[in-house]
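Single-structure report; data block below.
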Amino acid sequence: MKQRFNSVEQVNHLREIQALRRLNPHPNILTLHEVVFDRKSGSLALICELMDMNIYELIRGRRRPLSERKVMNYMYQLCKSLDHMHRNGIFHRDVKPENILVKQDVLKLGDFGSCRSVYSRQPYTEYISTRWYRAPECLLTDGFYTSKMDLWSAGCVFYEIASLQPLFPGVNELDQISKIHDVIGTPAPKTLTKFTQSRAMSFDFPFKKGSGIPLPTANLSPKCLSLLHAMVAYDPDERITAHQALQHPYFREQRAAEMQARASRRHASFPEYHKWPIPEDRKQLPPLWLSATSNLSSHSSPTLRALKFGGARKEVDTQDTQSDRPWCCLPTIDQKGARD
């Protein structure tokens, strides 16, 4: 990393490291193996798993588009990575082909340097995300956007993987919003009123009906187009979420394959289970008898109690404690140049 750091504490507070620690392990998130900090020079290196290439390198210079099955497989994994992120309170803010890595048929999302917590207070950074993949709310406001911006960016990537062409290749911010209106159309006034207007952007747009998403290839099936339109809905309130996208009919085959794989793993773990005979007298559960004085709700649930130890054998109970913060195993930070 180009930035220089003064201490391990500063490294530990780096947003990208915190995000990767929280999100790992996940099959569609780039795995962080090690954090190497050189105290003497202040340099920092993140050691991640090796992938073959990114999506941009995969589609660059191709003359024939990828098969619909491969596009479907990649997009399903991208939506799974976004769903995992958003469920864990993080949004990426820079989803683009260069930050999506592949190795054979496996896709992983990387580069979390721009990520933010979904619970942090707006406004956020204004000029975030690469221009071609920037959502309307990022272009029209001074940092008032949500995790839905990731779905817009993923929709732009979706089209680019399928067609080998960018969907909205604007040369600047004004041209970018114009390119969006050329395809989707000018939004209704009630939609624009939802945006906190940017100081540098006028909402007095010329009316455009919108040409619709171009179809340069026959690879875009009706289900594919249905999902794509849902991902690039102008109004973020109407835009699909990553979790909803995973339930879309376009991914029916992927969901079925996942269920079959889970069933196969269970069968491999208990290969003889289906052969075990079940006695007739055990196919029905015996009735549960309670005495007249028994009351199930009167028994308190077990609670986790913290123990403080004083002296060699002394134990002191403290009040019941509950932690509202999830705990996880963190990668080791190696320090170079530290004193022994």
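Does residue 153 qualify as being closer than 20 Å to residue 79 by Cβ, assigned to a helix (DSSP H, G or I) and of a type outside the set (Asp, Glu)?
Answer is yes for this residue.
Considering only residues of segment 144-179 that are under 24 Å from the mean Cα position of the chain (by Cα) and among the aliphatic types (A, V, I, L, M), which is nearest to residue 225 (Cα to Cα)?
162
Just for segment 118-150: of the residues that are of a type in the set (A, V, I, L, M) and part of a helix (DSSP H, G or I), which one is farthest from residue 67 (Cα to Cα)?
Per the criteria, the residue is 140.
Within segment 44-54, is there a residue that is touching a Lys or Arg at 6+ places or on another chain (Cβ under 6 Å) and not aliphatic (A, V, I, L, M)?
In the first step, residues of segment 44-54 are kept if they are touching a Lys or Arg at 6+ places or on another chain (Cβ under 6 Å); the result is 51-52.
From the residues that got through so far, the ones that are not aliphatic (A, V, I, L, M) too are 52.
Yes.
Conditions: (1) of a type outside the set (S, T, N, Q); (2) closer than 22 Å to residue 51 by Cα; (3) surrounded by fewer than 18 Cβ atoms within 10 Å (Cβ to Cβ). Residue 93 meets all but one. Number of the miss?
Residue 93 satisfies every listed condition except (3).
Look at segment 2-26 and say how many of its residues are among the hydrophobic types (A, V, I, L, M, F, W, C) and under 19 Å from residue 93 (Cα atoms). So that I can check it myself, show each step before the final result.
Applying the first criterion (among the hydrophobic types (A, V, I, L, M, F, W, C)) to segment 2-26 yields 5, 8, 11, 14, 17, 19-20, 23.
When the remaining residues are screened for being under 19 Å from residue 93 (Cα atoms), the result is 14, 17, 19-20, 23.
The number of residues fulfilling the criteria is 5.
Kindly establish whether residue 175 is in contact with a helix residue (DSSP H, G or I) (Cβ under 7 Å, 6 or more places away or on another chain) and acidic (Asp, Glu).
No; evaluated as a whole, the condition is false for this residue.
Tally up the residues in segment 1-35 that are of a type in the set (A, V, I, L, M, F, W, C) and within 21 Å of residue 54 (Cα to Cα), please.
Number of matching residues: 8.
In segment 156-190, how many are aromatic (Phe, Trp, Tyr) and assigned to a helix (DSSP H, G or I)?
The first filter runs over segment 156-190 and keeps only residues aromatic (Phe, Trp, Tyr), leaving 158-159, 168.
From the residues that got through so far, the ones that are assigned to a helix (DSSP H, G or I) too are 158-159.
Selection size over segment 156-190: 2.
Scan segment 1-15 for residues that are out of contact with any strand residue (DSSP E or B) (no Cβ under 7 Å at 6 or more places or on another chain), surrounded by fewer than 16 Cβ atoms within 10 Å (Cβ to Cβ) and not polar (S, T, N, Q) and jot them down.
If the condition is that a residue be out of contact with any strand residue (DSSP E or B) (no Cβ under 7 Å at 6 or more places or on another chain), surrounded by fewer than 16 Cβ atoms within 10 Å (Cβ to Cβ) and not polar (S, T, N, Q), then 2, 9, 13, 15 are the ones that fit.
Just give me the residues in segment 116-174 being of a type in the set (Asp, Glu) and within 25 Å of residue 200 (Cα to Cα), in sequence order.
The first filter runs over segment 116-174 and keeps only residues of a type in the set (Asp, Glu), leaving 126, 137, 142, 150, 160, 173.
The answer is 126, 137, 142, 150, 173.
Computed from the coordinates by the stated procedures, all read-outs in this text should not be read as laboratory data. Bear in mind that the values here come from a model prediction, so they are computed numbers and not experimental data. In this analysis, Cβ positions are derived from the backbone assuming ideal geometry, glycine residues included, and neighbour counts consider all displayed protein chains.
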